[in-house]
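For reference, the structure discussed in these notes is given below.
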Amino acid sequence: MSEVIFTSKATAKNGRDGHVKSSDGIIDLELVNPAENNDDKGSNPEQLFAAAYSGCFDSAVNLVASQQNKKIDSETTAEVSLIKDPEDDGFKIGVTLNVKIDGLNPEEAEEIVQSAHQVCPYSKATRGNIEVNLNAKPSDEPS
């Protein structure tokens, strides 16, 4: 393994209908499977992955923009879907990243998002494993 910068740790108990807690206690959530239970309140692995991927990807967008000396304001929304996998009758996930960028024209926004996808650690980890759709939107385009 390369040089480790830091390590985060979380423990889940009883899977999708259980509980997850980070070692520092900041994340301390009940887990609920929304496909089977719409009444109970709680998070799910897809929601947590969406939060993590959107944060990481938005950082990558800002990194790439700063490397190109572009001043931007960005917002990334990750949609993570649980999908039936026809290959093994199991499940898989798919992601759509909607990136709103203030301060760029459509071509520049698309270029920044494509470049961010090459450097984002979550994009690197998922590349070739899950489908990731990228939607770049300059701030003057309707959502």
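Centre-to-centre separation between the Cα atoms of the stretch 47-72 and those of the stretch 96-143: 9 Å. Scalar couplings 3J(HN,Hα) for the stretch 19-26, obtained by applying the Karplus form with A = 6.51, B = -1.76, C = 1.60 to θ = phi - 60°, are 8, 10, 9, 7, 4, 8, x, 5 Hz; x denotes Gly and Pro. Between amide H atoms placed 1.01 Å from N, distances below 5 Å from SER139 occur with ILE101, ASP102, GLY103, LEU104, all of them 5 or more places distant or on a separate chain. Per-residue 3J(HN,Hα) values for the stretch 45-51, derived from phi via the Karplus relation 6.51 cos²θ - 1.76 cosθ + 1.60 with θ = phi - 60°, read x, 5, 5, 5, 5, 4, 4 Hz in sequence order (x marks Gly and Pro).
So what's the back-of-envelope 222 nm ellipticity for the chain, counting only DSSP H runs of four-plus at -39500 (n - 2.57) apiece and dividing by all residues, rounded to 500? Could the numbers behind the result be given before it?
Details: 3 runs with 43 residues, N = 143.
The per-residue figure over the chain is -9500 deg cm²/dmol.
Phi-derived couplings, Karplus 6.51 cos²θ - 1.76 cosθ + 1.60 at θ = phi - 60°, listed residue by residue for the stretch 63-72: 4, 4, 4, 5, 5, 9, 6, 10, 8, 9 Hz, with x used for Gly and Pro.
Would you work out the charge dipole size for the chain about its Cα centre, treating the Cβ of every Lys and Arg as +1 and the Cβ of every Asp and Glu as -1, and quote it to the nearest 20 debye?
So the dipole magnitude of the chain works out to roughly 460 debye.
From the residues VAL119, ALA50, THR7, which one has its Cα farthest along the dipole of the chain in the positive direction, the dipole being from +1 and -1 charges on Cβ of Lys/Arg and Asp/Glu about the Cα centre? So the residue furthest toward the plus end is THR7.
Out of every Cα-Cα pair in the stretch 1-55, what percent are more than 18 Å apart?
The share of Cα pairs beyond 18 Å in the stretch 1-55 comes to 39 percent.
Read-outs: derived from the displayed coordinates by stated rules, not from any lab. Every value quoted in this text rests on a predicted model; they were computed, and no experiment measured them. Because the Cβ atoms are built from the backbone with ideal geometry, glycine has one as well, and the counts that use them run over all protein chains shown.
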